[in-house]
Amino acid sequence: MPSALIAEDEPLLAAALKSDLARLWPELQIVGTAADGLSAAAQALALRPEVCLLDIRMPGASGLEAAQAIAEDWPQGEPFPLLVFVTAYDQYALAAFEAQAVDYLVKPVDMPRLAACVARLKLRLTERRAPVARNDLQTPPDDGPLQQTLSQLRALLGAAAPAAASSPRLTVIQAGTGTTVHFVPIAEVLYFEAADKYLRVVTADREHLIRLSLRELLPQLDAQEFWQVHRSLVVRASAIATAQRDDSGKVYLKLRDRPERLTASRLYAHLFKGM
């Protein structure tokens, strides 16, 4: 039996989508529902559905960020869920989703459009379950469906990122500690790491905590200089000494001026290739 997870923060819309799917695809099992992005990622990793219908705008984390979290922690070798994004974005933004995602649905979701989505999902699942050709058995893991999905997510996350020109470049971080404000030049920062409601700002010899999210920080950084390597980690490229990849596709980073080893997820493994 095919299975699906619905992530939608509006209960009436979630119930309507579940009801419409039951009419169009009776054999589909809805194994979970979530009202925020973090719960959606956790449920997807625990329940392993074949389809995830993710609302773009949800509390805590967006549908794209939930998909990113799922992709980063999905077990190597297991079929990755087919992703459908539910969105209220205008047609200009939808062009990116149409080109990259398995499918998208526009709110309010109408039955004919949902029926077309169901038909597309059924076709993809049928193709996935078809016997694998002998030559395909020799395909390296990097060329599998998960890598395709990761590439699509990279494109989607890039399309959804704020325009670089919309925010001025940061030159200094002002980190408050009690009654003291420390001025940390961006040139000294080795990496930023999200930690609960704070952001760790790490230099060669010390670290600070600031009340800023990565989502707010990224548009203010030079993307050529600072690389996002995990949903919670941004590293200065010139601070990386070596990058070593394991069998699961994760990449471990050794820094020049810090003893700790950082982990880059499979979603960003493409950044670390020899020239």
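The values are calculated or read from the model by the stated rules, or taken from the named source; none is laboratory data. Since the model is a prediction, treat every value here as computed from it, not as a measurement. Counting neighbours? That spans all protein chains shown, and the Cβs are built from the backbone with ideal geometry, glycine included.
Go through 233, 221, 214 for me and flag whichever is modelled with pLDDT under 90, of a type in the set (A, V, I, L, M) and under 25 Å from residue 57 (Cβ atoms).
214
Here is a check on your reading of the model: is residue 49 at pLDDT below 95 and either under 18 Å from the mean Cα position of the chain (by Cα) or at positive phi (or both)?
no
Would you point out which residue out of 198, 252 is outside the structural domain of residue 66 (by TED's automatic domain parsing), in contact with a Lys or Arg (Cβ under 8 Å, 6 or more places away or on another chain), modelled with pLDDT under 95 and over 20 Å from residue 64 (Cα atoms)?
Values: 252 fails: modelled with pLDDT under 95.
Answer to the check: 198.
Based on this model, can you work out whether residue 267 counts as farther than 18 Å from residue 69 by Cα, in contact (Cβ under 8 Å) with a residue 12 or more places away in the chain, assigned by TED's automatic domain parsing to the domain that holds residue 223 and surrounded by 15 or more Cβ atoms within 10 Å (Cβ to Cβ)?
Criteria not met by residue 267.
If I go through segment 78-119 residue by residue, how many of them are within 22 Å of residue 68 (Cα to Cα), out of contact with any helix residue (DSSP H, G or I) (no Cβ under 8 Å at 6 or more places or on another chain) and at pLDDT 75 or above?
Summing the residues that are within 22 Å of residue 68 (Cα to Cα), out of contact with any helix residue (DSSP H, G or I) (no Cβ under 8 Å at 6 or more places or on another chain) and at pLDDT 75 or above in segment 78-119 gives 3.
Listed residues 44, 61, 34; which is under 16 Å from residue 153 (Cβ atoms), small (Gly, Ala, Ser) and modelled with pLDDT of 90 or more?
Working: 61 fails: modelled with pLDDT of 90 or more; 34 fails: under 16 Å from residue 153 (Cβ atoms).
Just a single option satisfies the conditions, and that option is 44.
Test residue 184 against the stated conditions and say whether it is over 26 Å from residue 61 (Cβ atoms), modelled with pLDDT of 95 or more and touching a His at 6+ places or on another chain (Cβ under 9 Å). Walk me through it before giving the result.
On the way: over 26 Å from residue 61 (Cβ atoms): yes; modelled with pLDDT of 95 or more: yes; touching a His at 6+ places or on another chain (Cβ under 9 Å): yes.
For residue 184, the condition - over 26 Å from residue 61 (Cβ atoms), modelled with pLDDT of 95 or more and touching a His at 6+ places or on another chain (Cβ under 9 Å) - is met.
Just to be sure I understand the filter: pairs with C-beta atoms under 7 Å, separated by 6 or more residues or on different chains, first member in segment 204-219 and without any contact (Cβ under 8 Å) to a residue 12 or more places away in the chain, second member charged (D, E, K, R) and assigned to a strand (DSSP E or B). Which pairs pass?
Pairs found: 207/200.
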